[in-house]
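The values are calculated or read from the model by the stated rules, or taken from the named source; none is laboratory data. Predicted model only: the values in this text are computed from it and were never measured. Neighbour counts are summed over all protein chains in view; Cβ atoms, including those assigned to glycine, are modelled from backbone coordinates with ideal geometry.
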Amino acid sequence: MKKLLPLLVLSVCLPTLTLQAESPAYQSELFKTTKLVYADTFDGTELNAEFWEVRQNTTWAIKDGVLSGEQSSKEFQAKKKASDDPSHAGLKPVIWLKKVPENFVLTMRVRYGAEAYQKGFPLLDLGHHVHTIAFSEKATTLTIKKNVEVLPVETLLFALNAWHDVAIELKKGTILLTIDGKKHRFDSTNIDMAGQAQIDFKAVDFGTCQIDDLKLWAGQ
């Protein structure tokens, strides 16, 4: 029994060390201090309506510890297509993260599922149609206020059907985007979240969106 004790102690300690290594604290590059506003690992079953708003009647649920979104029902799609607002039929899952500070840091794991990219999708909107980060096979593109400024980056890619670690920092004049450890800094006088307080997640038509381990901070 004496010879087994060191092995037993080692087996108890290793998981703790591994957990700590997998969950390092994020270090902001744009802000000296940050204050946590919201964090969610989606371990429960109810979506936090204080911070999330489902759009276009799309289908969202927490499954196996992940926030998962799909298209709206066929009935809703048919009704919308026959109306004067067919572009909001919920063919792609759409959800808003609310109460986003003007200066913020966001970290999360994201997966967009689809057979192929769609022109302009999937995307993340930092502010509604203000700073649109669209993903494609060959580039990640920041479009500011629809057509004021377009800034493509060919070295920062977001593959479909795969989980990605994403970090976004924004302050007036600058967005720092990190995907799986690769960083790109966008600098523009047009970058400004004043009057905006949301981030939109929009997938591909008939595709899926999955979000996990999300943390949102206010930057100072």
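In the condition set (1) at pLDDT below 95; (2) part of a loop (DSSP other than H, G, I, E, B); (3) loosely packed, with under 14 Cβ neighbours inside 10 Å; (4) among the small types (Gly, Ala, Ser), Ala49 is compliant with all but (1). Taking first residues from the stretch 44-59 that are on the phi > 0 side of the Ramachandran plot and partners that are of a type outside the set (Gly, Ala, Ser), the Cβ contacts under 7 Å between residues at least 6 apart in sequence or on separate chains come to Gln56/His88; Gln56/Val94; Asn57/Phe76. For the stretch 175-187, the criterion of being under 16 Å from Gln27 (Cα atoms) and acidic (Asp, Glu) is satisfied by at least one residue. For the stretch 65-74, the criterion of being in a helix (DSSP H, G or I) and either at pLDDT 90 or above or in contact with a strand residue (DSSP E or B) (Cβ under 6 Å, 6 or more places away or on another chain) (or both) is met by at least one residue.
Do we have any residue at all in the stretch 96-109 that's farther than 28 Å from Ala162 by Cβ, surrounded by fewer than 19 Cβ atoms within 10 Å (Cβ to Cβ) and out of contact with any strand residue (DSSP E or B) (no Cβ under 7 Å at 6 or more places or on another chain)? Yes; the residues of the stretch 96-109 include at least one that is farther than 28 Å from Ala162 by Cβ, surrounded by fewer than 19 Cβ atoms within 10 Å (Cβ to Cβ) and out of contact with any strand residue (DSSP E or B) (no Cβ under 7 Å at 6 or more places or on another chain).
Within the stretch 79-87, is even one residue under 27 Å from Ala162 (Cβ atoms) and either part of a loop (DSSP other than H, G, I, E, B) or in contact with a Lys or Arg (Cβ under 8 Å, 6 or more places away or on another chain) (or both)? Show your work before the answer.
If we filter the stretch 79-87 for residues that are under 27 Å from Ala162 (Cβ atoms), which is where we start, we get none.
No: the stretch 79-87 contains no residue that is under 27 Å from Ala162 (Cβ atoms) and either part of a loop (DSSP other than H, G, I, E, B) or in contact with a Lys or Arg (Cβ under 8 Å, 6 or more places away or on another chain) (or both).
Look at His131 and say whether it is surrounded by 18 or more Cβ atoms within 10 Å (Cβ to Cβ) and in contact with a strand residue (DSSP E or B) (Cβ under 7 Å, 6 or more places away or on another chain). Spell out how you get there, then give the answer.
Numbers: surrounded by 18 or more Cβ atoms within 10 Å (Cβ to Cβ): yes; in contact with a strand residue (DSSP E or B) (Cβ under 7 Å, 6 or more places away or on another chain): yes.
Yes.
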